[in-house]
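Encoded as structure tokens, the structure appears first; notes follow it.
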Amino acid sequence: MIETWFEKYVELIYKYIFFMVKDHQIAEDLTQETFIKAHIKSHQYKGNSELKTWLYRIAYTTTMNYFRKKHPIPTLFDSPIHVKSAEESFLEKSDLEELYRAISTLKLSYQQVIILRKIQQLSVKDTAAILRWSESKVKMTTARALEKLKLILGEKGGMEIEESSRS
């Protein structure tokens, strides 16, 4: 059972954690810890929510516990970006770096909601379950976070943020 969960969700969970901790090794360790906890607590999964949402919640808790214990200074831009040409790669990496730097300046709740809703593209319902917020709080915080992110990027003469009302 846990092997199936791992195969299906490891990449999504890893990416989520990586966006939070901004370090490959730490993200790998926390991803492994997430699935170990899921295995230990598998008897507690009752199917009341999607399995993916349950796993994200464990990943969220694991990552927040890590931050409480370690208080690391993260760096995000170690990962290569795979695109077609060197010029496209440079431009895309530059844009991503600018975006991730801007996101990292936001308060933690804004970072979390942007990562879950806009980067991981989870629904409002799933995001609410993971963060243990109401759906209306997710919507309001997403709107405020995007507005703040637009201001930060606008001050730097930066990128446009695409908004969608996808739930």
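The values are calculated or read from the model by the stated rules, or taken from the named source; none is laboratory data. Computed from a prediction, not measured in an experiment: that's the story for all the values here. Virtual Cβ from ideal backbone geometry, glycine too; neighbours counted across all protein chains shown.
Structural remarks
- Single match in TYR9, TYR16 (criterion: closer than 24 Å to LYS125 by Cα, touching a residue at least 60 places away in the same chain (Cβ under 8 Å) and assigned to a helix (DSSP H, G or I)): TYR16
- Residues in the stretch 19-61 that are without any contact (Cβ under 8 Å) to a residue 60 or more places away in the chain and outside any helix (DSSP H, G or I) were compared, and the one that is surrounded by the most Cβ atoms within 10 Å (Cβ to Cβ) is ASP23.
- The residues on offer are THR141, THR127, and the sole one that is modelled with pLDDT of 85 or more and more than 19 Å from LEU51 (Cα to Cα) is THR141.
- Residues in the stretch 112-127 that are farther than 21 Å from PHE67 by Cβ and not charged (D, E, K, R) were compared, and the one that is surrounded by the fewest Cβ atoms within 10 Å (Cβ to Cβ) is GLN121.
- Filtered residues of the stretch 55-76 (kept if at pLDDT 90 or above and among the hydrophobic types (A, V, I, L, M, F, W, C)): LEU55, ILE58, ALA59
- Condition met for ILE152 (in contact (Cβ under 8 Å) with a residue 12 or more places away in the chain and under 13 Å from the mean Cα position of the chain (by Cα)): no
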